[in-house]
């Protein structure tokens with residue numbers, strides 16, 4: 001009788017493990033030219049193969065963290081009012097990997113790209 005719950009438990013545990021399979025993390029710090037952190041910068045991470053975009057905002061220390069991202073190549077876009085926007089393509093994320101993309105935004109208009 002007690003074993004009839006075993007398949008349900010295995011299914012639940014398996015689905016949790018599966019959701020973490022093949023993922024990694026992209027994180028970094030966004031700063032101005034003097035090295036001061038930029039809070040509330042908009043950071044988007046776009047998977048170049050699927051087109052899926054995940055958006056984040058930097059915290060008070062300028063840090064952002066993109067968790068549970070599928071392995072693959074990413075484009076990192078960062079923008080903040082009063083600064084030129086930033087884009088970096090071809091950021092490679094491997095399974096269980098952690099990639100740091102630290103960004104220094106130059107002063108200027110958001111419409112200008114670095």
By Cβ neighbour count within 10 Å, fewest first, 98, 46 rank 98, 46
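For the residues 103, 92, 43, what sequence is obtained by ranking on other C-beta atoms within 10 Å, fewest first?
Ordered from fewest to most neighbouring Cβ atoms within 10 Å, 103, 92, 43 come out as 92, 103, 43.
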When 1/r is averaged over all different Cα pairs and the result inverted, which Kirkwood radius in Å belongs to the stretch 22-104? 12.6 Å
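A short reminder: the numbers here are calculations on the coordinates, not readings from a lab. Please read all numbers here as calculations on a predicted model, not as lab measurements. When we count neighbours, we look across all protein chains shown, and the Cβ atoms used for this are built from the backbone with ideal geometry, even at glycine.
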